[in-house]
Amino acid sequence: MIVVLLGAPGAGKGTQAKRMGSAMGVKHFSTGDLLRQAVESGTELGVRAAEYMESGTLVPDDIMLALAGELLDRKGPGVGVILDGFPRTLPQAKGLDQLLEDRGETIGLVILLDIEEDDAVERLSSRVSCPECGSVHNLATDLPMTTGLCDACGGTLVRRSDDIPEKIEHRFEQYQSETHPTIEYYRSQGRLDTVDAGRPIHEVQKAIEEILHRKSGPQVAG
Ligand code: AMP
């Protein structure tokens, strides 16, 4: 099944996508993580994306749709995937539908992780992440076992350079202006399921699992 996870910065998309991926036995692609890796390794994609990401601005749709096309080809036909952080604009959402139609596939589930902006900003200001594997911890609610080190791979946890107040504010402006129409696109077509993401991680996970079971039965892999 192809699952799209939508939500504001700090809603917990990465955390829940990882958990869903393990539970469903499918890969999870975070466009933010892929872009950060591309910037780090200095690829052509990274060079093009860097200036936008540094200011917390969305990377242009043509770049993102090319990346999405590559991801869909990489995963192979009929293979399930969780898309975390894509699409984020209306042209991306329509473009994704077209990319899937061209490949004889379709989105199985669109889940919005819904959170109040104040709660999300609070989470972002205590968030640390691992540049090696993308794992995320929260210094207020989800401390790593060893201070400063990633539980998953032992990498050094860092604050993301776009998790500072003025960039957070800009990212929320972009969420309002670009991603809200995307959400409405799916909602108006009856394709959207919404989860209250202001709750603790395991409660959000449980709510997502209930949706998955309802939509596809207990067997959701593939
Ligand atoms: P994230 O890790 O999901 O918060 O994404 C970090 C940054 O990557 C964003 O602020 C954007 O600059 C860029 N980015 C990630 N996904 C997208 C997307 N679907 N469209 C445009 N830019 C994106």
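The values are calculated or read from the model by the stated rules, or taken from the named source; none is laboratory data. Nothing here was measured: the structure is a model prediction, and the numbers come from that model. Neighbour counts run over all protein chains shown; Cβ positions are idealised from the backbone, glycine included. Side chains included, ligands, DNA and RNA excluded: accessible areas come from the protein's heavy atoms. Shrake-Rupley method; radii C 1.70, N 1.55, O 1.52, S 1.80 Å.
Residue check, residue 114 against (1) under 20 Å from residue 169 (Cα atoms); (2) surrounded by 15 or more Cβ atoms within 10 Å (Cβ to Cβ); (3) within 16 Å of the ligand (Cβ to nearest atom), all met but one. Which one?
Only one criterion in (1) under 20 Å from residue 169 (Cα atoms); (2) surrounded by 15 or more Cβ atoms within 10 Å (Cβ to Cβ); (3) within 16 Å of the ligand (Cβ to nearest atom) is unmet by residue 114, namely (3).
Can you tell me which residues in segment 30-51 are open to solvent by 70 Å² or more (accessible area, probe 1.4 Å), within 11 Å of the ligand (Cβ to nearest atom) and more than 29 Å from residue 101 (Cα to Cα)?
Matches in segment 30-51: 51 only.
Exactly one of (1) farther than 23 Å from residue 180 by Cβ; (2) in a helix (DSSP H, G or I); (3) at pLDDT 95 or above is unmet by residue 105. Its number?
(2)
Residues are listed down the side, and each one gets a yes or a no for (1) near the ligand (Cβ under 9 Å from one of its atoms); (2) open to solvent by less than 40 Å² (accessible area, probe 1.4 Å); (3) over 19 Å from residue 181 (Cα atoms); (4) in a loop (DSSP other than H, G, I, E, B):
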{"site": "63", "(1), (2), (3), (4)": "yes, yes, yes, no"}
{"site": "67", "(1), (2), (3), (4)": "yes, yes, yes, no"}
{"site": "91", "(1), (2), (3), (4)": "no, no, no, no"}
{"site": "96", "(1), (2), (3), (4)": "no, yes, no, no"}
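Looking only at segment 24-47, count every residue that is of a type outside the set (A, V, I, L, M) and touching a residue at least 40 places away in the same chain (Cβ under 8 Å) and tell me the total. Step through it out loud before you land on a result.
To start, the set of residues in segment 24-47 that are of a type outside the set (A, V, I, L, M) comprises 25, 27-33, 36-37, 40-44, 46.
Add one more test, that the residue is touching a residue at least 40 places away in the same chain (Cβ under 8 Å), and what stays is 25, 27-33, 36, 40.
Residues flagged as of a type outside the set (A, V, I, L, M) and touching a residue at least 40 places away in the same chain (Cβ under 8 Å) within segment 24-47 amount to 10.
Return the only residue of 164, 168 being closer than 19 Å to residue 118 by Cβ and either in contact with an Asp or Glu (Cβ under 7 Å, 6 or more places away or on another chain) or in contact (Cβ under 8 Å) with a residue 12 or more places away in the chain (or both).
Numbers: 164 fails: either in contact with an Asp or Glu (Cβ under 7 Å, 6 or more places away or on another chain) or in contact (Cβ under 8 Å) with a residue 12 or more places away in the chain (or both).
On inspection, the qualifying residue turns out to be 168.
Which of (1) under 14 Å from residue 15 (Cα atoms); (2) in a loop (DSSP other than H, G, I, E, B); (3) within 16 Å of the ligand (Cβ to nearest atom) does residue 161 not meet, given it meets every other one?
Going through (1) under 14 Å from residue 15 (Cα atoms); (2) in a loop (DSSP other than H, G, I, E, B); (3) within 16 Å of the ligand (Cβ to nearest atom) one by one, residue 161 breaks only (1).
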